[in-house]
Structure formats: C-alpha cells, structure tokens
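Here is the structure we will look at, set down as structure tokens.
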C-alpha cells in the first residue's frame, strides 16, 4: 500500500496524527504494524516528542523504530574513512575538497590542466564536487581522480610558481607514491557499500530482503581481512574483530590494482616495507571499524 499525504505540516505531532489517520482510513490494525523506518532526525526519533515516541504512546507501544538503512550505510562508510585516515595519514575528503576549490573558479587553471591532459594523452574531465552529507558520492570522485591522475600529477609537479598552502598540499599529495594506492583501495572498497545502497533505493519493496542483504554486506566486509573458513563459523553480528586472527598482510584483500601497484612500488624501491605495513594496517582498521559500526546499528 502506498499513500501520499499532501496536506501534512512538518511537526512531529501532525505527522504522527496523519500516520494514524491513514491506518484508520484503510481499516488496518495497529496490532499488525511491526516497525517503521524513517530518516535519523530528531523530528522522527526524538525521545520525548518525536514521531516514533508519539506513535508508541498513542497507537502501538511495541512499535519498532528503524533508522534509514541507506543513511546507516553512508555513515558506516564514513566511519571507515575516518579510521583509515587516522591510521594512514591520507585524507581523501581533504584531497577532493582541495582539488575542487583549486580548479572550480579558475578558467586558467582548468585550461592548464586540459593542456596537461592532452600532453598525457588522457581525455580531459572536470574535477567533481564533494558533498559531505552524501559520503558515498566519493566513489565517483575517486574514479575521476584516478582517470585524471597522470595529468593532475604532471600539473602539480610542473607548476612551481604558486605560493599557496592548498597548492603545496596538493603537490605533496601527488608527489607521494602511496597516493595512487590509497585511491585504488577506496575504488575497490566503496562498491561494497554502493551496491547495497542502490539496492535499498529501488522503488519496489525491499524490506523482505533487508536482513539477508545486510548479512551479505557484513560478511563481505569481514572476508576482506578474515579467512573464509573462520567467517563461515562466526556469528557475524556479535563477533569482536579485535579478538579474531586477521589475515597476514600479503593475503589482505586490497583490490587487484592496489596490489599490483604496491608490488611495483616495492620492487622499484619507491616505498619501503614500513610504508607497506602501515598501509595494510590502515586497510585492516578500515574494515574492522566498518564491521563494528554496522553491527552496532
């Protein structure tokens, strides 16, 4: 059943009343209402006067409230990013924001980058904006940076006339051989979140698939850092990753492109074994944080 209420104002009291009216209008019983899913705002889930608390007081004391699964997935990815950033020292948000601000309002800089793209025989593409309230848009931004990586690297290495802190941060980032590995890791990791997010945004009902999809999501996260034989015997919702024996560094799933790049940089001597270990530790920290946050929600 779908009902669109057009004349409801935006206060919790009136929205809760409107929901009750719809239940009555369609001759439904509150005894058959098990749960309600809403965005995670105070209007919806405020303890004293939110929609959820009003529905429980006035209609259904045992009603279960569930936050928006898509927002939970978004927040889970963001928590993983924060842990990875702290462990590795690489902040993908800062990089995307710096790139956007550097090129956004300057026609001259865009033209220079386009020239470097032609020189590198790479199709020029505009740098994408980042929206902090929708963290999973980062996947498209990362792919764009990877596509434009060689021109961007050439631009910031060759343009030495700029005396600005943002330029220096970007130059240092593209001078660091580890940067492309970080980008490849994120490009490999984020589709795990994005595929579930897109599934739950389909127009047809997906509530019957939610539990199975979330279980699959949590298992995929664990399999990046834990042996499959161990995962198959775990209670994935209650296990403590801090107490698990994680995969050896060489077996951690960082993605094929990141893995190839890592070995190439080690063989060429551009990075050290210590840098490799720090990177793998950051990857493990990312997935353990993701698991802990996802299972707590």
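The values are calculated or read from the model by the stated rules, or taken from the named source; none is laboratory data. All values reported here derive from a predicted model rather than from experimental measurement. Note that each Cβ is placed from the backbone with ideal geometry, even for glycine, and that neighbours are counted across all protein chains shown.
Assorted remarks:
- Selection count, the stretch 192-217, where residues are exposed (fewer than 10 other Cβ atoms within 10 Å of the Cβ) and not in a loop (DSSP other than H, G, I, E, B): 3
- Breaking point among (1) assigned to a helix (DSSP H, G or I); (2) within 22 Å of residue 210 (Cβ to Cβ), for residue 65: (1)
- Selection over the stretch 31-41 of residues that are free of Cβ contacts under 8 Å to residues at least 24 places away in the same chain and closer than 18 Å to residue 74 by Cα gives a count of 1.
- Residue count for the stretch 166-191 under the criterion of being under 22 Å from residue 80 (Cα atoms) and either part of a helix (DSSP H, G or I) or modelled with pLDDT under 95 (or both): the result is 14.
- Note on the stretch 218-240: residues that are buried (at least 18 other Cβ atoms within 10 Å of the Cβ) and more than 22 Å from the chain's Cα centre (by Cα) total 2.
- Residues of the stretch 45-76 classified as touching a residue at least 12 places away in the same chain (Cβ under 8 Å) and more than 13 Å from residue 297 (Cα to Cα), total: 13
- Only listed residue being crowded, with 17+ Cβ neighbours inside 10 Å and at negative phi, chosen from 141, 146: 141
Residues checked against (1) farther than 25 Å from residue 290 by Cβ; (2) out of contact with any strand residue (DSSP E or B) (no Cβ under 8 Å at 6 or more places or on another chain); (3) assigned by TED's automatic domain parsing to the domain that holds residue 282; (4) in a helix (DSSP H, G or I):
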position: 17; (1), (2), (3), (4): yes, yes, no, yes
position: 22; (1), (2), (3), (4): yes, yes, no, yes
position: 48; (1), (2), (3), (4): yes, yes, no, no
position: 53; (1), (2), (3), (4): yes, yes, no, yes
position: 61; (1), (2), (3), (4): yes, yes, no, no
position: 72; (1), (2), (3), (4): no, yes, no, yes
position: 95; (1), (2), (3), (4): no, yes, no, yes
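- When residue 237 is tested against the conditions (1) out of contact with any helix residue (DSSP H, G or I) (no Cβ under 8 Å at 6 or more places or on another chain); (2) closer than 17 Å to residue 287 by Cα, the lone failure is (1).
- Within the stretch 276-297, tally of residues that are buried (at least 18 other Cβ atoms within 10 Å of the Cβ) and over 21 Å from the mean Cα position of the chain (by Cα): 1
- Screening residue 245 with (1) free of Cβ contacts under 8 Å to residues at least 60 places away in the same chain; (2) surrounded by 12 or more Cβ atoms within 10 Å (Cβ to Cβ); (3) in contact with a helix residue (DSSP H, G or I) (Cβ under 8 Å, 6 or more places away or on another chain); (4) part of a loop (DSSP other than H, G, I, E, B) gives one miss only, at (2).
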